[in-house]
Amino acid sequence: MESRNSGRRIRAYRKLKGYTQEEFARQIGMSVSLLGEVERGNRLASEPAIERMATVLNISKEELTV
């Protein structure tokens, strides 16, 4: 359940900031397929990936994981 909620949050912030999956995946150094898995809640992102996402989105990492 936690992965699904954080995945939805990641997707929502990505879209809010205007990134496509491809652009965002490139910015954070992740494959598009892995990003899709994370956004769907099928996989958890690693701590370093969460930190890169937060940096690119200009938000705190807590906003992605709470």
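The values are calculated or read from the model by the stated rules, or taken from the named source; none is laboratory data. Please read all numbers here as calculations on a predicted model, not as lab measurements. Every residue, glycine as well, gets a Cβ built from its backbone with ideal geometry; the counts of neighbours run over all protein chains shown.
Any residue at all in the range 27-41 that is surrounded by 15 or more Cβ atoms within 10 Å (Cβ to Cβ), among the small types (G, A, S), at negative phi and in contact with a Leu (Cβ under 9 Å, 6 or more places away or on another chain)? Checking the range 27-41: not a single residue is surrounded by 15 or more Cβ atoms within 10 Å (Cβ to Cβ), among the small types (G, A, S), at negative phi and in contact with a Leu (Cβ under 9 Å, 6 or more places away or on another chain). Taking the range 3-19 as the range and being part of a helix (DSSP H, G or I), free of Cβ contacts under 8 Å to residues at least 40 places away in the same chain and not aliphatic (A, V, I, L, M) as the test, the residues that pass are R4, N5, G7, R8, R11, K15.
A residue that is over 10 Å from the mean Cα position of the chain (by Cα), modelled with pLDDT under 95 and not hydrophobic (A, V, I, L, M, F, W, C) occurs nowhere in the range 11-25.
When I59 is tested against (1) in a helix (DSSP H, G or I); (2) under 12 Å from R9 (Cβ atoms); (3) of a type outside the set (F, W, Y), only condition (1) is not met. Scanning the range 20-36 for residues that are assigned to a loop (DSSP other than H, G, I, E, B) and in contact with a helix residue (DSSP H, G or I) (Cβ under 7 Å, 6 or more places away or on another chain) yields G29, M30, S31.
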